[in-house]
Amino acid sequence: MKNRASPNTYSETLLSRETLRGKYDDILGESAKHLEVLKSVDLFAKSSSTVLITGETGTGKELIAKALHTQSPRAKHPMVIANCAGFVESLLENELFGHEKGAFTGADWQHIGLFETASGGTLFLDEIGELPIRLQAKLLRVLQENEIRRVGGTEQIPVDVHVVAATNRDLVESVKSGRFREDLYQRLKPLHIHLPALRERQEDIYALATYFLAEEAKHYNQAAKTLSSEALLLFHTYAWPGNIRELKGVIESAVLFAEQNTVILPPHLPEELRTSQAPQVSLPDAAGPSFKSATAPEGSTLSFPIGTTLEEIERSAILETLARENGNKSKAADVLGITRATLRAKLSTSNA
């Protein structure tokens with residue numbers, strides 16, 4: 001009889017990419033919270049019901065919306081994107097539902113709106129929290145009846161569209177303040193995907209940063225630069241209010257500031273990263289090894305000021321070991337004498 005796996009190991013097995021039906025090669029990350037998102041995409045892509053994606057700015061909501069479309073039975077049909085904050089109310093209504101010839105001054109021809117354009121496919125309503133109240137009522141009717149009426153028209157036109165909506169707003173608070181209709185929120189919320197902030201999935205930072213470094217190398221037709229262990233420590237102590245989008249921008253600027261240097265060092269990073277919580281940790285070997293090194297040089301040490309908590313010391317040791325093992329979690333876990341599942345748990349539960 002086989003021994004039962006520990007809860008952490010069992011959870012890790014359940015959330016491995018191999019258990020997912022869809023292919024998400026362009027959506028990087030192995031953290032448990034990120035894999036939960038991909039698991040939801042797997043489940044919801046089969047449904048024709050509206051999906052709501054929430055998360056802070058820069059967390060990749062449009063990327064998840066595209067994954068929902070490409071993994072769905074509608075993938076051969078178009079995915080159309082509408083930014084609900086990009087138009088004044090009258091123009092947005094026209095964009096979404098279209099208009100009939102003569103509907104208003106200047107309407108010299110019939111205009112087909114995005115709901116009809118996306119028929120058979122997916123309509124992504126980005127920034128749904130910014131949709132004006134009057135249009136919220138009209139959208140609710142469309143979701144209930146699967147038909148639209150063009151501006152200036154009288155005919156109800158059937159539409160077959162999978163609606164995916166996204167917002168960085170707290171819609172519960174928006175409902176309480178009267179900025180968002182409760183009945184529309186109730187319609188949207190059953191299939192809900194919440195994207196974790198980058199600070200909540202820190203074990204994915206190295207993979208994301210490495211990917212963006214490779215993209216920059218392609219752009220400039222040069223060998224990819226690497227991150228120094230000190231730079232990675234700064235990445236893990238920073239809160240990333242702009243999330244993945246901000247990380248991408250930091251990498252782009254760091255590559256330029258590094259110029260001919262093959263390693264990204266702290267001076268190449270923006271001031272807000274260099275002045276985050278990093279001063280709690282001091283590395284005597286200031287130049288530090290690059291990620292090219294798979295093992296730490298003999299005598300390399302971490303030092304901590306009086307008053308540093310055990311949790312901070314443990315986290316710094318984990319991050320430094322990850323850096324010196326080229327981001328390989330299995331090797332880092334072996335060096336630290338813990339299981340890979342424990343390593344992942346320690347990284348995901350920390351609030352650095």
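The values are calculated or read from the model by the stated rules, or taken from the named source; none is laboratory data. In this text the structure is predicted, and so the values were computed from the model without any measurement. Cβ: placed from backbone, ideal geometry, glycine included. Neighbour counts: every protein chain shown.
Would you mind telling me which numbered condition in (1) over 27 Å from Ala224 (Cα atoms); (2) at pLDDT 55 or above; (3) surrounded by 14 or more Cβ atoms within 10 Å (Cβ to Cβ) Val281 fails?
(2)
Only one of Gln222, Gln156 is closer than 24 Å to Asn94 by Cα, surrounded by fewer than 23 Cβ atoms within 10 Å (Cβ to Cβ) and at pLDDT below 95; which?
Only one candidate passes the filter, namely Gln156.
Within the set of pairs 6 or more residues apart or between chains, which connect a residue that is polar (S, T, N, Q) inside the range 110-138 to a residue that is in a strand (DSSP E or B) with Cβ atoms less than 8 Å apart?
Close Cβ pairs satisfying both conditions: Gln110/His99; Thr117/Val80; Thr122/Met79; Thr122/Val80; Thr122/His162; Thr122/Val163; Thr122/Val164.
Can you name the condition, by its number, that Lys61 falls short on among (1) surrounded by fewer than 18 Cβ atoms within 10 Å (Cβ to Cβ); (2) under 28 Å from the mean Cα position of the chain (by Cα); (3) not acidic (Asp, Glu)?
The one condition Lys61 does not meet is (1).
Quick check on my filter: what residues within the range 178-217 are more than 19 Å from Leu63 (Cα to Cα), among the charged types (D, E, K, R) and in contact with a Gly (Cβ under 8 Å, 6 or more places away or on another chain)?
Of everything in the range 178-217, just one residue is more than 19 Å from Leu63 (Cα to Cα), among the charged types (D, E, K, R) and in contact with a Gly (Cβ under 8 Å, 6 or more places away or on another chain), namely Arg179.
Here is a check on your reading of the model: is Lys176 under 22 Å from the mean Cα position of the chain (by Cα), over 27 Å from Ser276 (Cβ atoms) and in the same structural domain as Glu56 (by TED's automatic domain parsing)?
no
Counting only residues that are within 17 Å of Glu252 (Cβ to Cβ), outside any helix (DSSP H, G or I) and of a type in the set (Gly, Ala, Ser), how many does the range 221-237 have?
2
In the range 90-108, is there at least one residue being closer than 23 Å to Gln186 by Cα and touching a Gly at 6+ places or on another chain (Cβ under 6 Å)?
Yes; the residues of the range 90-108 include at least one that is closer than 23 Å to Gln186 by Cα and touching a Gly at 6+ places or on another chain (Cβ under 6 Å).
Which numbered condition in (1) modelled with pLDDT under 95; (2) over 12 Å from the mean Cα position of the chain (by Cα); (3) surrounded by fewer than 16 Cβ atoms within 10 Å (Cβ to Cβ) is the only one that Leu43 fails?
It is condition (1) that Leu43 fails.
Any residue that is at pLDDT 95 or above, more than 26 Å from Ser119 (Cα to Cα) and either in the same structural domain as Thr167 (by TED's automatic domain parsing) or crowded, with 17+ Cβ neighbours inside 10 Å (or both) - is there at least one of those in the range 13-25?
No: zero hits.
Could you count how many residues in the range 171-226 are touching a Phe, Trp or Tyr at 6+ places or on another chain (Cβ under 9 Å) and polar (S, T, N, Q)?
Here the count works out to 4.
In the range 238-264, what count of residues is obtained for those that are in contact with a Ser or Thr (Cβ under 8 Å, 6 or more places away or on another chain), in a helix (DSSP H, G or I) and surrounded by fewer than 21 Cβ atoms within 10 Å (Cβ to Cβ)?
1
May I ask you to list the residues in the range 46-92 that are in a strand (DSSP E or B) and not polar (S, T, N, Q)?
Answer for the range 46-92, where residues must be in a strand (DSSP E or B) and not polar (S, T, N, Q): Val51, Leu52, Ile53, Met79, Val80, Ile81, Ala82.
Given the condition surrounded by fewer than 21 Cβ atoms within 10 Å (Cβ to Cβ) and free of Cβ contacts under 8 Å to residues at least 60 places away in the same chain, answer yes or no: does some residue in the range 186-201 qualify?
Yes: the range 186-201 contains one or more residues that are surrounded by fewer than 21 Cβ atoms within 10 Å (Cβ to Cβ) and free of Cβ contacts under 8 Å to residues at least 60 places away in the same chain.
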